[in-house]
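A short worksheet on the structure shown next.
The values are calculated or read from the model by the stated rules, or taken from the named source; none is laboratory data. Keep in mind it's a predicted model, so treat the numbers as computed, not measured. Every residue, glycine among them, receives a Cβ derived from its backbone with ideal geometry; neighbour counts consider all protein chains shown.
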Amino acid sequence: MRFLGIHVAAVSPDVAESVIVSHIEGTAPGTVVIHANLNTAHSSIRDADLLQALESPGNLVLFEGIGLKVAHWLTSGDWRPDANGTDLVPAVLRKLAYRSIRIVLVGGHDGVAAAAAEEMHRRFPHVQVVGAWNGYGDRQDEAQLLGAIAAAKPDIVLLGLGTPLQEPLAVAWAAQTVAQVTWAVGGLLDYLAGVRCRAPWLLRLLRLEWLWRLALYPSAYGRRYALQGIWLLGEVLRIWTSRWASCPGRASVNPNLDHKPGRPANGTGD
């Protein structure tokens with residue numbers, strides 16, 4: 001579907017998992033997986049590179065986040081499924097437990113990718129992390145980094161660089177690293193490395209993980225959530241207003257449009 005100017009696949013986690021696994025097991029490399037949440041949608045209105053990455057043919061852009069789900073329901077009456085990347089990556093790796101998987105991690109500050117690699121191998125013994133680089137200094141010589149990634153021959157490249165940086169890079173790198181899937185995963189590496197904590201399972205079940213992040217990291221999320229929430233509300237109101245203005249029956253209830261001066265508005269002549 002198309003929502004807030006972005007084409008997204010609004011599918012359940014099970015469907016998303018099966019599609020990604022099929023790409024990993026396929027013969028054609030270069031699939032890019034992106035999660036389109038409120039931050040992505042808001043950032044795309046002012047970042048042309050991000051918008052181009054979201055619209056690149058062949059990318060799997062997954063609908064994500066309670067904010068967009070509620071906004072879509074308010075404007076369409078349709079409650080669509082979504083797929084959270086922090087949960088989806090482990091689900092995909094569990095489904096691939098029957099075979100060895102080669103993964104490259106890029107993201108976070110010094111030590112984050114390496115710590116995430118250790119945790120990933122602890123949880124998924126069939127996963128071999130064949131490269132782990134931080135998302136800052138290690139990217140200074142990008143050609144050298146891409147050469148090292150290509151030489152590692154990964155099945156999956158996980159980019160945890162944050163929006164709007166990671167999505168255009170995922171598209172650019174996918175053509176050069178020969179990985180089956182290049183996946184923009186946001187803060188996943190921080191969670192795996194223990195740098196940040198996920199919300200308790202009940203809050204995740206209730207779709208309140210955003211509130212947990214706001215409580216734990218107000219300086220990182222407070223202003224962003226406020227600005228993006230106001231923008232999203234404005235978009236909902238804009239859609240409502242546009243539909244009301246284009247309603248075919250609206251003219252018939254305007255007495256200035258359907259009767260002559262001096263004649264009753266009901267058009268009966270009584």
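Has the range 182-196 got at least one residue that is buried (at least 18 other Cβ atoms within 10 Å of the Cβ) and without any contact (Cβ under 8 Å) to a residue 40 or more places away in the chain?
no
Here are ALA71, ALA114, ALA132: which of them is out of contact with any helix residue (DSSP H, G or I) (no Cβ under 7 Å at 6 or more places or on another chain) and either more than 22 Å from ILE239 (Cα to Cα) or surrounded by 18 or more Cβ atoms within 10 Å (Cβ to Cβ) (or both)?
ALA114
Evaluate the range 88-101: report whether one residue or more is more than 22 Å from the chain's Cα centre (by Cα) and among the charged types (D, E, K, R).
Within the range 88-101, one or more residues are more than 22 Å from the chain's Cα centre (by Cα) and among the charged types (D, E, K, R).
Results for (1) touching a His at 6+ places or on another chain (Cβ under 6 Å); (2) closer than 22 Å to CYS197 by Cα; (3) at pLDDT 95 or above, shown as yes or no for each residue.
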site	(1), (2), (3)
ALA115	no, yes, yes
HIS121	no, yes, no
ASP138	no, no, no
ASP141	no, no, no
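For the range 78-128, what are the residues that are at positive phi and in a loop (DSSP other than H, G, I, E, B)?
GLY108, GLY111, listed by residue number.
Mind checking whether some residue in the range 140-159 is in contact (Cβ under 8 Å) with a residue 12 or more places away in the chain, assigned by TED's automatic domain parsing to the domain that holds GLY58, closer than 25 Å to SER44 by Cα and in a loop (DSSP other than H, G, I, E, B)?
no
Of the residues in the range 184-211, how many are in a loop (DSSP other than H, G, I, E, B) and among the charged types (D, E, K, R)?
3
Does at least one position in the range 15-27 carry a residue that is in contact with a Phe, Trp or Tyr (Cβ under 9 Å, 6 or more places away or on another chain) and under 20 Å from ILE149 (Cβ atoms)?
yes
Select from the range 15-28 the residues that are of a type outside the set (Gly, Ala, Ser) and surrounded by 12 or more Cβ atoms within 10 Å (Cβ to Cβ) and list them in ascending order.
VAL15, GLU17, VAL19, ILE20, VAL21, HIS23, ILE24 - these are the residues of the range 15-28 that are of a type outside the set (Gly, Ala, Ser) and surrounded by 12 or more Cβ atoms within 10 Å (Cβ to Cβ).
Out of (1) assigned to a helix (DSSP H, G or I); (2) more than 17 Å from GLY108 (Cβ to Cβ); (3) modelled with pLDDT of 85 or more, the odd one out for SER252 is which?
Against the list (1) assigned to a helix (DSSP H, G or I); (2) more than 17 Å from GLY108 (Cβ to Cβ); (3) modelled with pLDDT of 85 or more, SER252 comes up short only on (3).
So GLN176 ticks every box in (1) in a loop (DSSP other than H, G, I, E, B); (2) more than 17 Å from the chain's Cα centre (by Cα) but one. Which box is left unticked?
(1)
Any residue in the range 37-61 that's part of a helix (DSSP H, G or I): show its pairings with residues that are among the charged types (D, E, K, R) at Cβ separation under 6 Å, as long as the two are six or more apart or on different chains.
LEU50/GLU167; ALA53/GLU167
Criterion first (over 16 Å from ARG2 (Cβ atoms), buried (at least 20 other Cβ atoms within 10 Å of the Cβ), modelled with pLDDT of 95 or more and in contact with a strand residue (DSSP E or B) (Cβ under 6 Å, 6 or more places away or on another chain)) does VAL104 satisfy it?
Yes, satisfied.
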